[in-house]
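Take a look at the structure set out below.
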Amino acid sequence: MEQEINNMLSQTKKSLEHQYNTRLEFKPKEIAIVLVLSVAGIALLSVVTISTLPTLILAGSGIAAAYLLFVLNFVLNPEEREMIRSCLPEVCQKRIPSWLL
């Protein structure tokens, strides 16, 4: 019995070590995209003034949509996208294109 518990603890430890000992990798492509989006945002703010609440909401929605597309297409791997898609209601799964999610 004690041997079985030790085996289970050893397997759990190895699994957790593998799961949490991953390195954070910086990829030049993703960094370049973030920089381009940042420069585009700064350029847009220098041209367009945001003085009303509806304009601010519209700009915030656009930025959120751009960030969502960036994360879905460049940050998440296919398995993670499939996990997210499987959690959505069936109606949403049918309406969202497969290239997007």
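The values are calculated or read from the model by the stated rules, or taken from the named source; none is laboratory data. What you are looking at is a predicted structure, and each value in this text was computed from that prediction instead of being measured. Cβ placement follows ideal geometry from the backbone for every residue including glycine, while neighbour counts extend to all protein chains displayed.
In region 23-40, how many residues are over 22 Å from Leu101 (Cα atoms), at pLDDT 80 or above and either in contact with a Gly (Cβ under 9 Å, 6 or more places away or on another chain) or not β-branched (Val, Ile, Thr) (or both)? Break it down stepwise before answering.
Narrowing region 23-40 to residues over 22 Å from Leu101 (Cα atoms): 23-26, 28, 32, 35-36, 38-40.
Subset that is at pLDDT 80 or above: 28, 32, 35-36, 38-40.
From the residues that got through so far, the ones that are either in contact with a Gly (Cβ under 9 Å, 6 or more places away or on another chain) or not β-branched (Val, Ile, Thr) (or both) too are 28, 32, 35, 38, 40.
Summing the residues that are over 22 Å from Leu101 (Cα atoms), at pLDDT 80 or above and either in contact with a Gly (Cβ under 9 Å, 6 or more places away or on another chain) or not β-branched (Val, Ile, Thr) (or both) in region 23-40 gives 5.
Inside region 41-52, can you point out the residues that are surrounded by 12 or more Cβ atoms within 10 Å (Cβ to Cβ) and either part of a helix (DSSP H, G or I) or touching a residue at least 40 places away in the same chain (Cβ under 8 Å) (or both)?
We begin by selecting, within region 41-52, every residue surrounded by 12 or more Cβ atoms within 10 Å (Cβ to Cβ); these are 41, 44, 50.
Listed by number, the residues that qualify are Gly41, Leu44.
Provide a single number: the residues in region 53-101 that are modelled with pLDDT under 85 and either in a loop (DSSP other than H, G, I, E, B) or touching a Ser or Thr at 6+ places or on another chain (Cβ under 7 Å) (or both).
8
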